[in-house]
Amino acid sequence: MDGNGRWAKARRRPRPFGHQAGAKRAREVVAACPDLGVKYVTLYAFSTENWKRSRAEITALMALFRHYIRKTSHELHAEGARVRFIGDRGPLDKKLVKLIGELEDLTRDNDRVHVTVALNYGGRDEILRATRKMADAVKAGTLAPEDIGEDTMASYLDTAGMPDPDLVVRTSGESRTSNFLTWQSAYAEYEFTETLWPDFGKEQFAQALDKFGLRERRYGGVS
Ligand code: FPP
């Protein structure tokens, strides 16, 4: 969800103003998913690299996450959304971790739309944490190195049990993948758009999906 800072700057407002507008858009995009035929959506809200930002911006973002979880938990549940979080919760503040757990528990049995929020998430960090867990299992004698395949790796990642993404949308004119679902996106299609995240609404999402629908996916095979 890139471009919040530039969106705020263009309006001569502080960066958190852009994040607030971005959070509203995130809510809209989630609400539009059932209508657009999207069963799984993942929002990249905070990366393992985002700790390099100013203390003020990080504090504002964490407050925004807490506020949005409190504000939207019940409506998300009513909409049939199952909400899960991926990323390392260790460094997050206790209040936020508690709210995350409560939202996951509340929506555990929902199946209309699956919403994943990547928070303190990095693809490399996720692979490292999974590798350490596999190494522990090997040491404990519950996993044999020769049995480790792609499915094993997938089952140790934060996204265990979720399908790989078909389409990854990166907003704000950047053509990088920035440590997002590194393992899972191996065969994803990418859509890079100039639109800043706070301007990316249902219509832009529908357009990206239409474009995606026209692409031919060969997964390394032939047509
Ligand atoms: C990147 O834009 C955006 C972020 C680091 C924050 C994204 C978070 C939200 C939109 C809030 C979502 C809320 C919930 C509850 C999921 P940037 O700041 O890098 O923008 P810039 O590149 O223009 O500076």
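The values are calculated or read from the model by the stated rules, or taken from the named source; none is laboratory data. Since this is a predicted model, take the numbers as computed values, not measurements. Counting neighbours? That spans all protein chains shown, and the Cβs are built from the backbone with ideal geometry, glycine included.
Among the residues of the range 93-103, count how many are surrounded by 14 or more Cβ atoms within 10 Å (Cβ to Cβ) and under 22 Å from residue 161 (Cβ atoms).
3
Among the listed residues 45, 63, which satisfies the condition of being at pLDDT 95 or above, part of a helix (DSSP H, G or I) and out of contact with any Asp or Glu (no Cβ under 8 Å at 6 or more places or on another chain)? Steps first, please.
Numbers: 45 fails: part of a helix (DSSP H, G or I).
Answer to the check: 63.
Looking at 120, 110 in this structure, which one is among the polar types (S, T, N, Q), in a loop (DSSP other than H, G, I, E, B) and in contact (Cβ under 8 Å) with a residue 24 or more places away in the chain?
Numbers: 120 fails: in a loop (DSSP other than H, G, I, E, B).
One residue alone meets the criteria, 110.
Which of the residues belonging to the range 21-68 are within 12 Å of the ligand (Cβ to nearest atom), among the β-branched types (Val, Ile, Thr) and over 17 Å from residue 116 (Cα atoms)?
Step one: list which residues in the range 21-68 are within 12 Å of the ligand (Cβ to nearest atom), which gives 21-30, 41-54, 57-58, 60-68.
From what is left, the residues that are among the β-branched types (Val, Ile, Thr) are 29-30, 41-42, 48, 58.
The one that is within 12 Å of the ligand (Cβ to nearest atom), among the β-branched types (Val, Ile, Thr) and over 17 Å from residue 116 (Cα atoms): 58.
Within the bounds of the range 156-175, is there any residue that is loosely packed, with under 13 Cβ neighbours inside 10 Å, among the basic types (Lys, Arg) and in contact with a strand residue (DSSP E or B) (Cβ under 9 Å, 6 or more places away or on another chain)?
No, there is no match, as no residue in the range 156-175 is loosely packed, with under 13 Cβ neighbours inside 10 Å, among the basic types (Lys, Arg) and in contact with a strand residue (DSSP E or B) (Cβ under 9 Å, 6 or more places away or on another chain).
Name the residue, out of 146, 126, 79, 102, that is away from the ligand (no atom under 13 Å from the Cβ), over 14 Å from the mean Cα position of the chain (by Cα) and under 28 Å from residue 3 (Cβ atoms).
None of the others qualify; the one that does is 79.
Based on this model, can you work out whether residue 73 counts as farther than 25 Å from residue 159 by Cβ, hydroxyl-bearing (Ser, Thr, Tyr) and within 12 Å of the ligand (Cβ to nearest atom)?
No, not satisfied.
Against the conditions (1) within 11 Å of the ligand (Cβ to nearest atom); (2) loosely packed, with under 15 Cβ neighbours inside 10 Å; (3) within 15 Å of the chain's Cα centre (by Cα); (4) not small (Gly, Ala, Ser), where does residue 9 fall short? Just the number, please.
(3)
Limited to the range 38-65, what total is found for residues that are of a type outside the set (S, T, N, Q) and more than 29 Å from residue 163 (Cβ to Cβ)? Break it down into steps so the answer makes sense when it comes.
Within the range 38-65, the first condition is being of a type outside the set (S, T, N, Q), and the residues that meet it are 38-41, 43-46, 49, 51-53, 55-58, 60-65.
Next, only the ones that are more than 29 Å from residue 163 (Cβ to Cβ) stay: 51-53, 55-58, 60, 62-63.
Residues meeting the conditions: 10.
Output the number of the condition that residue 134 fails; it satisfies all remaining conditions of (1) touching a helix residue (DSSP H, G or I) at 6+ places or on another chain (Cβ under 8 Å); (2) exposed (fewer than 12 other Cβ atoms within 10 Å of the Cβ).
It fails just one condition, (2).
Kindly list the number of the only condition in (1) free of Cβ contacts under 8 Å to residues at least 12 places away in the same chain; (2) more than 16 Å from the ligand (Cβ to nearest atom); (3) of a type in the set (D, E, K, R); (4) part of a loop (DSSP other than H, G, I, E, B) that fails for residue 164.
Unmet for residue 164, out of (1) free of Cβ contacts under 8 Å to residues at least 12 places away in the same chain; (2) more than 16 Å from the ligand (Cβ to nearest atom); (3) of a type in the set (D, E, K, R); (4) part of a loop (DSSP other than H, G, I, E, B): (1).
Restricted to the range 82-99, and to residues that are under 15 Å from the mean Cα position of the chain (by Cα) and more than 14 Å from the ligand (Cβ to nearest atom), which residue is nearest to residue 31 (Cα to Cα)?
82
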